[in-house]
1. Taking into account only those residues within region 121-175 that are in contact (Cβ under 8 Å) with a residue 12 or more places away in the chain, of a type in the set (A, V, I, L, M, F, W, C) and farther than 23 Å from G106 by Cβ, which is surrounded by the fewest Cβ atoms within 10 Å (Cβ to Cβ)?
2. Consider only pairs whose beta carbons are under 9 Å apart and that are at least six residues apart or on different chains; among these, list those whose first residue lies in region 70-91 and is under 24 Å from T18 (Cα atoms) and polar (S, T, N, Q) and whose second residue is assigned to a loop (DSSP other than H, G, I, E, B) and modelled with pLDDT of 95 or more.
3. From the list R36, R98, R44, pick out the single residue that is among the charged types (D, E, K, R), within 17 Å of the chain's Cα centre (by Cα) and closer than 22 Å to H143 by Cβ.
4. Restrict the check to region 141-153 and report whether at least one residue is more than 19 Å from the chain's Cα centre (by Cα), closer than 27 Å to F87 by Cβ and either modelled with pLDDT under 75 or part of a helix (DSSP H, G or I) (or both).
5. For region 110-143, how many residues are out of contact with any strand residue (DSSP E or B) (no Cβ under 8 Å at 6 or more places or on another chain) and either small (G, A, S) or within 17 Å of G89 (Cβ to Cβ) (or both)?
6. What number goes with the only condition from (1) crowded, with 21+ Cβ neighbours inside 10 Å; (2) more than 14 Å from the chain's Cα centre (by Cα); (3) among the aliphatic types (A, V, I, L, M) that V92 does not pass?
7. Quick check on T49: is it of a type in the set (V, I, T) and in contact with a Ser or Thr (Cβ under 7 Å, 6 or more places away or on another chain)?
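The values are calculated or read from the model by the stated rules, or taken from the named source; none is laboratory data. Remember, predicted model here, so these are calculated numbers, not experimental data. For neighbour counting, all protein chains shown are included, and Cβ atoms are generated from backbone atoms with ideal geometry for every residue, glycine included.
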Amino acid sequence: MTHTLPFAPPSPWIVRFTPLLRPGGCLLDVACGGGRHLRHVRDRGLSVTGVDIDLRGVADLTGQEGVTLVQADLEGPDGWPPTLSGFDGIVVTNYLHRPLLPAIAGALKPGGLLLYETFANGNQRHGRPSSPAFLLREGELLHLAIGQGLQVVAFEQGEVSSPKAAIVQRLAARRPVGAAADLNGDPEPVPLPPA
């Protein structure tokens, strides 16, 4: 699929929490598709890595400074590429493959931020996706974050009307900075952006 300008706008959830990403850091966009979040974060001065089975939607970003593209079948026998680790932020939207959830959380640096937004149970009444394999169970992202030792910054679940009617879950969570982490001390607190 080749995109023509203008590109799809980034999710308001991702835009809301982008200011919490470490300036000058590196963000991973899982199942990056057309690259709407890669573009949004890159335009704010971070380096970005996009991973997807099909990179045609981000072909225009190939070779650009601060952009790394990784073609990988995350659901295939090789699963999560071990080179995808040590990120200051990870974005996942409209994608769910449960076996990857621990690897996604584990790819964050101490202090790193996970921003996740995807469809949840109940979305069947709005159309696709409708298979339980692609719909989060109630509170599933929240339980993932807690189970992986992440500190929850924000969590929402319920019905949205934009960009189309859907049932979603949204999570913003941070990997704690432990005493052994080498970040020259804890990062300065950053005020939450307005809702």
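1. So, considering only residues that are in contact (Cβ under 8 Å) with a residue 12 or more places away in the chain, of a type in the set (A, V, I, L, M, F, W, C) and farther than 23 Å from G106 by Cβ, the one surrounded by the fewest Cβ atoms within 10 Å (Cβ to Cβ) is A165.
2. S85/A107
3. When all the criteria are applied, what remains is R98.
4. no
5. Counting residues in region 110-143 that are out of contact with any strand residue (DSSP E or B) (no Cβ under 8 Å at 6 or more places or on another chain) and either small (G, A, S) or within 17 Å of G89 (Cβ to Cβ) (or both) gives 5.
6. Result: V92 fails condition (2) only.
7. Yes: the conditions hold for T49.
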